[in-house]
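For reference, the structure is listed below as structure tokens.
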Amino acid sequence: MDNLKRQQKLKGQIELRIELLNKKVSGELDDIVIPNSLTKLRLWSEEQYGIETIGSPSSFVTTHPEHGNKIRLLQKLLGQLRKPKKTKQKPASKKLSEVVKENKRLLNLLQNTANQYVQHSHELRRLRENTVLSQSIEKGLREALKEANADLTQAKSEISRLRSQLLKSENTRSAKVTKVDFGKDD
């Protein structure tokens, strides 16, 4: 390839890169990934858009006598792509309505939370009272059990004493006892 054709191809590749970067900056092309430096932009190849690698690094610099201005433009466009896009400002009335809506939502949430707190605190108080009552009942039942055990021990002792007397009485008399009345109805 002769020099003139190479120069034309280089010029076309630079123009194509400028066109794609302009479209990317304006938002017309979202699906393309643009390299983030001049060196990577020179080595970039994207067959779908006709972008081919530029082999000569000395032709793709901002100080080049013929292409320098276009390379500076590419550098400027790359800088614009690196900047975060500014978000569009919402009108004050729309911002206000959104804030009022969010405020209402938060107030409802606060009211619901307060209601739940009151409900749970009442339930907690009720459960605490039930716990105290249950503990009191348990204490009473334990005391009643102690008394019943004491009465049972005393009754066993009385039965044992009466059996001893009965045995002594049988040994002294030859009469047969057919019935022993311990004071309870059988």
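The values are calculated or read from the model by the stated rules, or taken from the named source; none is laboratory data. Keep in mind that what you see is a predicted model, and the values were worked out from it rather than measured. Please note: Cβ atoms are built from the backbone with ideal geometry, for glycine as well, and neighbour counts cover all protein chains shown.
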Does residue 105 fit the bill of being modelled with pLDDT of 95 or more and surrounded by 10 or more Cβ atoms within 10 Å (Cβ to Cβ)?
-> yes
When region 77-102 is examined, which residues are found to be of a type outside the set (A, V, I, L, M, F, W, C), surrounded by 11 or more Cβ atoms within 10 Å (Cβ to Cβ), modelled with pLDDT of 85 or more and farther than 30 Å from residue 38 by Cβ?
-> 95, 97, 98
Can you name the residue in region 26-40 that is part of a helix (DSSP H, G or I) and touching a residue at least 12 places away in the same chain (Cβ under 8 Å) and, of all such residues, is nearest to residue 77 (Cα to Cα)?
-> 38
Which one of 14, 71 is touching a Ser or Thr at 6+ places or on another chain (Cβ under 6 Å) and touching a residue at least 40 places away in the same chain (Cβ under 8 Å)?
-> 71
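Residues are listed down the side, and each one gets a yes or a no for (1) in a helix (DSSP H, G or I); (2) hydroxyl-bearing (Ser, Thr, Tyr); (3) assigned by TED's automatic domain parsing to the domain that holds residue 16:
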{"position": "42", "(1), (2), (3)": "yes, no, yes"}
{"position": "54", "(1), (2), (3)": "no, no, yes"}
{"position": "70", "(1), (2), (3)": "yes, no, yes"}
{"position": "94", "(1), (2), (3)": "yes, no, no"}
{"position": "102", "(1), (2), (3)": "yes, no, no"}
{"position": "115", "(1), (2), (3)": "yes, no, no"}
{"position": "118", "(1), (2), (3)": "yes, no, no"}
{"position": "121", "(1), (2), (3)": "yes, yes, no"}
{"position": "132", "(1), (2), (3)": "yes, no, no"}
